[in-house]
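> Here's a structure for you.
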Amino acid sequence: MTKKIFSGVQPTGNLHLGNYLGAIKNFVELNNDKENDCIFCVVDLHAITVKQDKYQLKSNIRETAATFIASGIDPSKSIIFNQSEVPAHAEGSWILSCMAPMGWLNRMTQFKEKAGKDKEKASVGLYIYPVLMASDILLYDATHVPVGEDQKQHLELTRDIAHKFNKDFKCDDFLKVPEPLIKENFSRIMSLKDGLKKMSKSDPSDLSRINLTDSKDEIVNKVKKAKTDSFPIPNDEEKLKSRPEAENLLGIFSSISNQTLGKTLDEFGGKNFSDLKVQLAEILSSKISPISEEIKKLTNDQQYLDNILLEGANKANEIARKKILEIKKIIGF
Ligand code: AQP
């Protein structure tokens, strides 16, 4: 069966190893499977739920598209576009926000984390962010959505909204209920400075993350400075449970090497972190540096990137416009 894949990444700068291992690496594998129809979106409407610099935003949009391509997504096979070029996303978001109860949105932990203590000052857009995400996915009848573990709750909301729409309008199976594609292991990469915090674009410390644009020297330096504890590396997974930094570094090594945590522990159990760090820096540099070089090359060719995004937007518009017209008909417009 052909899988219809949809996923997005926000053009908010500093795309990092967490984005790569949690999401983009999966995008590439899905793109490479001939059976799949893939759509990868630069979700710029999501980005403006928090304040963005208008000039930086434009360059971040291009850099995100460049990162997709540099990581291995083939624009002649998969659709790559930016969300604001397809009006149906915002239109669908409004319609679905009229179906989604506030009680459902009140449970979203990402809003609570991002709004922080000062909820009154958070934008309404940040609050209904997951409804826009539902619109993105449902407009394309996506069957599978590859995301990192932090997006699981939003995806469950998308499924609930689809079920409710189909039930309210008695149109069984009209909105396709998508399946999440979340890696069982290593689906949440943590900060290099705090194993309890997600690796994130907005962390003020650049040492907390490996950026996909980092040079080899920067990668080596960041791995060297990554937080560890003072015990040797254990031999079995159980003993990692209360050692978040150790678990994170070993998880990153396993994920980037495409091997199980068990195998990594077989290699490093009983050794010191300095041994792990040397090899981790080496493998990260060998996998990330070519991507970083390709991103630089591609971002120097703005015309090429703009053409890819325009072509992608034309294809996406064709699909999304049809679906939104059907939605409008169903609700009685
Ligand atoms: N640390 C992570 N580990 C695994 N997967 C991750 N993802 C993000 N961080 C990790 C996955 O990457 C995809 C795109 O994420 P996004 O564009 O929604 O952004 P983000 O990195 O979460 O960044 P924000 O919200 O702009 O910044 P922060 O976190 O700094 O506030 C998603 O599939 C996500 O799961």
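The values are calculated or read from the model by the stated rules, or taken from the named source; none is laboratory data. Please read all numbers here as calculations on a predicted model, not as lab measurements. All Cβ positions, even for glycine, are placed from backbone atoms using ideal geometry, and neighbour counts span all protein chains on display. Surface accessibility is based on the protein's heavy atoms, side chains included, excluding ligands, DNA and RNA. Shrake-Rupley method; radii C 1.70, N 1.55, O 1.52, S 1.80 Å.
Every residue, every condition in (1) open to solvent by less than 30 Å² (accessible area, probe 1.4 Å); (2) in contact with a strand residue (DSSP E or B) (Cβ under 8 Å, 6 or more places away or on another chain); (3) among the hydroxyl-bearing types (Ser, Thr, Tyr), yes or no:
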| residue | (1), (2), (3) |
| --- | --- |
| Pro146 | yes, yes, no |
| Thr158 | yes, yes, yes |
| Ala162 | yes, no, no |
| Phe165 | yes, no, no |
| Phe169 | no, no, no |
| Asp173 | no, no, no |
| Glu184 | no, no, no |
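> Checking the structure you have, find out if any residue of region 78-87 is farther than 22 Å from Asp37 by Cα and open to solvent by 60 Å² or more (accessible area, probe 1.4 Å).
no
> Ok, one more. Out of curiosity, is Pro178 assigned by TED's automatic domain parsing to the domain that holds Glu63, within 15 Å of the ligand (Cβ to nearest atom) and within 22 Å of Lys152 (Cα to Cα)?
It is true that Pro178 is assigned by TED's automatic domain parsing to the domain that holds Glu63, within 15 Å of the ligand (Cβ to nearest atom) and within 22 Å of Lys152 (Cα to Cα).
> Going residue by residue through region 292-314, is there one that turns out to be under 22 Å from the mean Cα position of the chain (by Cα), more than 19 Å from Ala65 (Cβ to Cβ) and assigned to a helix (DSSP H, G or I)?
no
> Could you run through region 34-55 and say how many residues are within 13 Å of the ligand (Cβ to nearest atom) and open to solvent by 60 Å² or more (accessible area, probe 1.4 Å)?
As a first pass, look at region 34-55 and keep what is within 13 Å of the ligand (Cβ to nearest atom): 40-52.
From the residues that got through so far, the ones that are open to solvent by 60 Å² or more (accessible area, probe 1.4 Å) too are 48, 50-51.
Selection size over region 34-55: 3.
> All but one of (1) more than 14 Å from the ligand (Cβ to nearest atom); (2) open to solvent by 10 Å² or more (accessible area, probe 1.4 Å) hold for Asn31; state the number of the condition that does not hold.
Condition (2) is where Asn31 drops out.
> A further question on this structure: What number of residues within region 287-304 satisfy the criterion of being in contact with an Asp or Glu (Cβ under 9 Å, 6 or more places away or on another chain), farther than 17 Å from Arg209 by Cβ and surrounded by fewer than 18 Cβ atoms within 10 Å (Cβ to Cβ)?
Count: 0.
> Within region 128-143, does at least one residue satisfy the condition of being assigned to a helix (DSSP H, G or I) and surrounded by fewer than 22 Cβ atoms within 10 Å (Cβ to Cβ)?
Scanning region 128-143 turns up no residue that is assigned to a helix (DSSP H, G or I) and surrounded by fewer than 22 Cβ atoms within 10 Å (Cβ to Cβ).
> Pull out all pairs, ordered by first then second residue, where Cβ-Cβ is under 9 Å, the residues are six or more apart or on different chains, the first lies in region 108-125 and is under 21 Å from Glu156 (Cα atoms) and within 11 Å of the ligand (Cβ to nearest atom), and the second is outside any loop (DSSP other than H, G, I, E, B) and not acidic (Asp, Glu).
Between residues of region 108-125 that are under 21 Å from Glu156 (Cα atoms) and within 11 Å of the ligand (Cβ to nearest atom) and residues that are outside any loop (DSSP other than H, G, I, E, B) and not acidic (Asp, Glu), the close pairs are Gln110/Leu126; Gln110/Tyr129; Gln110/Pro130; Gln110/Gln151; Gln110/Gln153; Gln110/His154; Lys114/Leu126; Lys114/Tyr129.
> Suppose we filter Leu261, Leu284, Leu265, Leu280 for residues that are closer than 27 Å to Gly72 by Cβ, open to solvent by less than 30 Å² (accessible area, probe 1.4 Å) and either free of Cβ contacts under 8 Å to residues at least 60 places away in the same chain or in contact with a strand residue (DSSP E or B) (Cβ under 7 Å, 6 or more places away or on another chain) (or both); which single one remains?
Details: Leu261 fails: either free of Cβ contacts under 8 Å to residues at least 60 places away in the same chain or in contact with a strand residue (DSSP E or B) (Cβ under 7 Å, 6 or more places away or on another chain) (or both); Leu284 fails: either free of Cβ contacts under 8 Å to residues at least 60 places away in the same chain or in contact with a strand residue (DSSP E or B) (Cβ under 7 Å, 6 or more places away or on another chain) (or both); Leu265 fails: closer than 27 Å to Gly72 by Cβ.
On inspection, the qualifying residue turns out to be Leu280.
> Take region 1-28 and flag every residue that is open to solvent by 50 Å² or more (accessible area, probe 1.4 Å) and either away from the ligand (no atom under 14 Å from the Cβ) or within 19 Å of Tyr140 (Cα to Cα) (or both).
If the condition is that a residue be open to solvent by 50 Å² or more (accessible area, probe 1.4 Å) and either away from the ligand (no atom under 14 Å from the Cβ) or within 19 Å of Tyr140 (Cα to Cα) (or both), then Met1, Thr2, Lys3, Lys4 are the ones that fit.
> Working only within region 187-245, note down all residues that are more than 25 Å from Ser292 (Cβ to Cβ), modelled with pLDDT of 95 or more and open to solvent by 70 Å² or more (accessible area, probe 1.4 Å).
Scanning region 187-245 gives a single hit, Leu196.
> Are there any pairs, at least 6 apart or on different chains, whose C-beta atoms fall under 9 Å, with the first in region 183-197 and on the phi > 0 side of the Ramachandran plot and of a type outside the set (Gly, Ala, Ser) and the second open to solvent by less than 80 Å² (accessible area, probe 1.4 Å) and near the ligand (Cβ under 8 Å from one of its atoms), and if so, which?
Phe186/Leu21; Phe186/Gly22
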